[in-house]
Amino acid sequence: MAERIHVSERQLARLFKTELCTTPAAYIESVRVEMARNRLETSDESLVRIAITCGLSTTDTLTRAFRRQLNTTPAEYRSRFRTRQ
């Protein structure tokens with residue numbers, strides 16, 4: 001990302017911290033989790049497919065990211081979302 005906007009990685013990190021109060025890695029993870037959350041709500045895709053499509057590579061990575069961001073697993077999230085409808 002830094003290369004694309006012609007700044008150093010350190011400068012990019014500073015910009016993220018100042019403007020978004022987060023790190024580039026945390027921001028990217030939150031975007032990926034949001035994409036996965038949307039797919040869990042709107043599709044019957046497998047967790048493997050969702051993980052790969054959202055850039056999280058494995059279900060383990062997806063699960064860890066979900067736990068960090070939402071304090072739940074993707075399967076629990078899908079189950080609770082469907083129960084509410």
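The values are calculated or read from the model by the stated rules, or taken from the named source; none is laboratory data. Values in this document were obtained by computation on a predicted structure and should not be read as measured data. Note: ideal-geometry Cβ built from the backbone for every residue, glycine included; neighbour counts use all protein chains shown.
A few notes on this one:
- Among residues of the range 43-85 being in contact with a Pro (Cβ under 8 Å, 6 or more places away or on another chain) and either touching a residue at least 24 places away in the same chain (Cβ under 8 Å) or surrounded by fewer than 16 Cβ atoms within 10 Å (Cβ to Cβ) (or both), the one that is farthest from TYR27 (Cα to Cα) is LEU47.
- All conditions but one from (1) in contact (Cβ under 8 Å) with a residue 12 or more places away in the chain; (2) touching a Lys or Arg at 6+ places or on another chain (Cβ under 7 Å) apply to ARG32; the one that does not is (2).
- Selected residue (only one of ALA13, ALA36, ALA2 is surrounded by 14 or more Cβ atoms within 10 Å (Cβ to Cβ), aliphatic (A, V, I, L, M) and at pLDDT 95 or above): ALA36
- Filter result for ALA13 (of a type in the set (A, V, I, L, M) and in contact with a Pro (Cβ under 8 Å, 6 or more places away or on another chain)): yes
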